[in-house]
Structure formats: structure tokens, C-alpha cells
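I have placed the structure first, in the form of C-alpha cells, so that the comments after it can refer back to it.
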């Protein structure tokens, strides 16, 4: 029998990839978003699935809309990606971030508890919840130390999902995803920003890229891989939380070096501290410089998981390596820029 999946935040990177994946699995996909603008549907258009999903334009944080969706469709699985997903913006808009990131989770779970406990629920958790103590455990429990309003709101979603699973026997699971990128990423996220910026500099359409701390370290994977793993989480006999990460991390500076090498740019780093910059070796032209306005008030220095210290949550490693991901994103952006 054909399953029906509800994807909140379907216009985002993960929501779009999952919609494409589920359509290929012969699901009926209902996608929800507050925005109905054509420009915001560019991911669905890029994947060729805009007309293959049932799109509902509404605010999923409002209980009346949740009731409306569940009464209208016979939902089997819910994938909750609805969130204010910019960590940096959450410092400036903490109230809005918390309202959105918490509201949809608890209201959907409460509806499932009261109306149909057979509905499976997936919550998109985040590695940001760990803060700077990733992978450490105490008596089998992973320690969380969120460093932003975004991370704090995600931690609530993670815990409330676990609570409903244990207290009410609901199939509700969290996927704790480390950083994951793709050609569907917005251009203001650091990986995409740098790739697009360097290609535009090559095409002489941009002069310089300004970024924040180049020594922060992250575990980056390919978002398309992660959504396939998310679906598998929802097909297990027993609900269980998972961590999805490659197990390897790189600094922003290391990422820039790899990207520059792939693009065959003859560049070198010059200076120290806030004055450190990337320049063309030949003419000393600065192409990347540090700007303090891109630093977070509370920065996570190292985001990497240590499998040895995990006891309660299973780590799943996706297939695509970091260098391959960068090449994939470069090639896609070349086409977009007409290389």
C-alpha cells in the first residue's frame, strides 16, 4: 500500500532531497512551507519534483494547521525539518528561532499522541547541541552543551521527541546531523559562499570574499547521503536516535586550501590573526579576508564526533568524502555561472 509522508520545511535543502528520495520510493509526498513564492521553490524545480509533490502553503507551528493537514491526508510518516536553521541569525532573533524550532515539534507530537500513535515521527536534530564537548560521555549519556539560541531550541526538540517515544510508546526519533552541504545549499552558508565567491573571482565578477573565523573545525558531509539514512531510520523495527557524521573534520582554512587546489589557484596565506588573508601569489591581490562581523558571539571551535565515546546513540557514516563533495558543488556552480 502506498505510504504518505508529510515533510515540513520541504523547500529547504534536506526537505527537498528527502522529497525526491521518497517519490522514487513510490511515496505520496505532502510538503509544507510558510512560503509560496516561486523563487523559494528553486530546489524542487532543480530536482524536477515541483509538480510531483502535494504542496501546502501554511504555518505548521499553528495547531489549527496541524489538525487541518492530518485530517486532510492519511499520514504514515512525518519528517520535521521546519526550523529557523541559521545559527548566526539566531543570536539576533532568539525569540523567533525558539518559537519556530520548538512549536512545530511538540504540537505535532501531541497531535500524534492524541489521534494516531501509529504515525511515525522524525525530528531533525543538530550537532550544534553538543557545543565544544562533542563525543564525550558520562555514564553512557552524551553530554550536550548548546552555544546558541538555535542549538538550545534544537536540544528541546531532541529531548521532547525522546520523551514522547518513552512515555507514550510513539515511534519518534531524532537524527543528530553534523554539517551537511550540497548544491542545494543557500549561498550565504560558508561552504557555498566560498565556492561561489572563488568562481566569481575567477570570472572577474567579484573582487573579494569576507568571512569569519577560519580556524573553526567542522565535520561536513553530503546532504543527499544524509536524507537516505534518515529514511532508513524510520524503517527500523524499533525507534532509535542516530548520529549522522563522517567522523572527519576540517577547518575553514583547510577547506579553502582544498578548494583552491581543485580550482588550480596559485594562492598563499599571508599575515596572522585578524590580518590573515588569502592572496594571489603572482600579483599579491587579496581574495579572502577576515571580518570580525562574521564571528559568532559564542563559537564552537571543534565539531567532531568520537565513536569510541558513544554508548547510547549509533553513529552512521555517509559515503561521500569531503573532497568529492567539494568537487560536486564546484561543478554544479560552474554550470550555474556559465563556465
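The values are calculated or read from the model by the stated rules, or taken from the named source; none is laboratory data. All of these numbers come straight from a predicted model, not from anything done at the bench. As a convention, Cβ positions derive from the backbone with ideal geometry for all residues, glycine included, and neighbour counts pool all protein chains shown.
Rundown of residues vs (1) over 27 Å from residue 335 (Cβ atoms); (2) modelled with pLDDT under 95, yes/no style:
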| position | (1), (2) |
| --- | --- |
| 154 | yes, yes |
| 163 | yes, no |
| 179 | no, yes |
| 183 | no, no |
| 195 | no, no |
| 200 | no, no |
| 222 | no, no |
| 241 | yes, yes |
Could you tell me how many of the residues in region 1-12 are touching a helix residue (DSSP H, G or I) at 6+ places or on another chain (Cβ under 9 Å) and surrounded by fewer than 18 Cβ atoms within 10 Å (Cβ to Cβ)?
1
Got at least one residue in region 24-39 being touching a strand residue (DSSP E or B) at 6+ places or on another chain (Cβ under 8 Å), more than 20 Å from residue 103 (Cβ to Cβ) and in a helix (DSSP H, G or I)?
no
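So in region 161-185, with the set limited to residues that are touching a residue at least 40 places away in the same chain (Cβ under 8 Å) and in a helix (DSSP H, G or I), which one is farthest from the chain's Cα centre (by Cα)?
To start, the set of residues in region 161-185 that are touching a residue at least 40 places away in the same chain (Cβ under 8 Å) comprises 161-162, 164-165, 168-185.
If we keep only those that are in a helix (DSSP H, G or I) too, we end up with 161-162, 164-165, 168.
Numbers: 161: 18, 162: 20, 164: 23, 165: 23, 168: 28 Å.
Taking the candidates together, the pick is 168.
Pick from 63, 58, 47: which is assigned by TED's automatic domain parsing to the domain that holds residue 234, in contact (Cβ under 8 Å) with a residue 24 or more places away in the chain and closer than 23 Å to residue 180 by Cβ? Walk me through it before giving the result.
Values: 63 fails: closer than 23 Å to residue 180 by Cβ; 58 fails: closer than 23 Å to residue 180 by Cβ.
So the residue among 63, 58, 47 that is assigned by TED's automatic domain parsing to the domain that holds residue 234, in contact (Cβ under 8 Å) with a residue 24 or more places away in the chain and closer than 23 Å to residue 180 by Cβ is 47.
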Before we move on, is residue 15 within 17 Å of residue 230 (Cβ to Cβ), in contact with a helix residue (DSSP H, G or I) (Cβ under 9 Å, 6 or more places away or on another chain), surrounded by 23 or more Cβ atoms within 10 Å (Cβ to Cβ) and modelled with pLDDT of 95 or more?
yes
Just to be sure, is residue 71 at pLDDT 95 or above, more than 27 Å from residue 222 (Cβ to Cβ) and out of contact with any strand residue (DSSP E or B) (no Cβ under 9 Å at 6 or more places or on another chain)?
yes
Test each condition in (1) loosely packed, with under 15 Cβ neighbours inside 10 Å; (2) at pLDDT 85 or above; (3) in contact with a helix residue (DSSP H, G or I) (Cβ under 7 Å, 6 or more places away or on another chain); (4) farther than 16 Å from residue 172 by Cβ for residue 136 and report the one that comes out false.
(2)
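What residue, among those in region 221-240 that are part of a loop (DSSP other than H, G, I, E, B) and out of contact with any helix residue (DSSP H, G or I) (no Cβ under 6 Å at 6 or more places or on another chain), is surrounded by the most Cβ atoms within 10 Å (Cβ to Cβ)?
Start the filter on region 221-240 by keeping residues that are part of a loop (DSSP other than H, G, I, E, B), which leaves 234-240.
Still in the list and also out of contact with any helix residue (DSSP H, G or I) (no Cβ under 6 Å at 6 or more places or on another chain): 234-238, 240.
Numbers: 234: 18, 235: 8, 236: 12, 237: 6, 238: 7, 240: 13.
The residue in question is 234.
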Identify all residues within region 253-295 that are at pLDDT below 95, within 25 Å of the chain's Cα centre (by Cα) and either in a helix (DSSP H, G or I) or not assigned by TED's automatic domain parsing to the domain that holds residue 205 (or both); write none if there are none.
292, 293, 294
